1. When both residues are 6+ apart or on different chains and their Cβ atoms are under 7 Å apart, which pairs have a first residue that lies in the range 40-65 and is touching a residue at least 24 places away in the same chain (Cβ under 8 Å), and a second that is not in a helix (DSSP H, G or I)?
2. Could you tell me which of the residues Leu120, Leu60, Leu110 is at positive phi and of a type in the set (A, V, I, L, M)?
3. Can you say whether Ala63 is of a type outside the set (Phe, Trp, Tyr), surrounded by fewer than 18 Cβ atoms within 10 Å (Cβ to Cβ) and touching a strand residue (DSSP E or B) at 6+ places or on another chain (Cβ under 9 Å), as far as the supplied structure shows?
4. Do we find a residue being surrounded by 17 or more Cβ atoms within 10 Å (Cβ to Cβ) and assigned to a loop (DSSP other than H, G, I, E, B) anywhere in the range 86-102?
5. Which of the residues belonging to the range 103-121 are exposed (fewer than 13 other Cβ atoms within 10 Å of the Cβ) and under 22 Å from Ser13 (Cα atoms)?
6. Looking at Ala92, Ala44, which one is in contact with a Cys (Cβ under 8 Å, 6 or more places away or on another chain), small (Gly, Ala, Ser) and closer than 24 Å to Ala11 by Cβ?
7. Counting just the residues of the range 19-56 that are in contact with a Leu (Cβ under 7 Å, 6 or more places away or on another chain) and surrounded by 15 or more Cβ atoms within 10 Å (Cβ to Cβ), which one comes out modelled with the lowest pLDDT?
8. Evaluate the following for Ile93: is it of a type outside the set (S, T, N, Q) and more than 17 Å from Gly46 (Cβ to Cβ)?
Amino acid sequence: ACMVPFVIIAAASADFLAAYPKAVKAAGLNSSDEISKFILFELAYGFDFLSIEFFFRGFLIIAFIKYAGMRAVIPAACFYCCIHLGKPMAEAISSFFGGLLLGILSYQTLSIWGGVLVHLGIAWLMEMAAYISYHF
């Protein structure tokens, strides 16, 4: 919920709209008669975040806790930030801090599911905001 104002502000920027919504940019789905394809795309897009959380928070943090403890969070957040390079600048920069927060969450809970919910919520909120900005 705290990300809603930031996403709304970002949705008005040309940099953001050049990258989102992914369903329009990557798959060319921009008409209302393609709603089933749009939903299928968004579900597949959501699965991508499940695999990202599994790798970054499940493997790089939870699997390495016994070797590095809390120190596993910072390298994972740095690596996570690197995969956001080439995206809108604000997203790339904020991904480091988001990676830290999600890393700490997975470290404390020994679970990726909190990160999955947060990541999916933000990603789909960004898609929805961009879709609305793109069409209205």
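1. Glu53/Ile112; Phe54/Ile112; Arg57/Ile112; Gly58/Ile112; Ile62/Leu110
2. Working: Leu120 fails: at positive phi; Leu60 fails: at positive phi.
The unique qualifying residue is Leu110.
3. Working: of a type outside the set (Phe, Trp, Tyr): yes; surrounded by fewer than 18 Cβ atoms within 10 Å (Cβ to Cβ): yes; touching a strand residue (DSSP E or B) at 6+ places or on another chain (Cβ under 9 Å): no.
Taking the combined requirement at face value, the residue does not satisfy it.
4. Yes, there is a match, as at least one residue in the range 86-102 is surrounded by 17 or more Cβ atoms within 10 Å (Cβ to Cβ) and assigned to a loop (DSSP other than H, G, I, E, B).
5. none
6. Values: Ala44 fails: in contact with a Cys (Cβ under 8 Å, 6 or more places away or on another chain).
Among Ala92, Ala44, only Ala92 is in contact with a Cys (Cβ under 8 Å, 6 or more places away or on another chain), small (Gly, Ala, Ser) and closer than 24 Å to Ala11 by Cβ.
7. Initially, the range 19-56 is screened for residues in contact with a Leu (Cβ under 7 Å, 6 or more places away or on another chain), giving 23, 37-38, 41, 46, 49.
Going one step further and asking which of them are surrounded by 15 or more Cβ atoms within 10 Å (Cβ to Cβ), we end up with 23, 38, 41, 46, 49.
On the way: Ala23: 76, Phe38: 80, Phe41: 86, Gly46: 92, Phe49: 91.
In this case the residue turns out to be Ala23.
8. On the way: of a type outside the set (S, T, N, Q): yes; more than 17 Å from Gly46 (Cβ to Cβ): yes.
So Ile93 fits the description; yes.
The values are calculated or read from the model by the stated rules, or taken from the named source; none is laboratory data. Remember, it's a predicted structure, so these values are computed and weren't measured experimentally. Because the Cβ atoms are built from the backbone with ideal geometry, glycine has one as well, and the counts that use them run over all protein chains shown.
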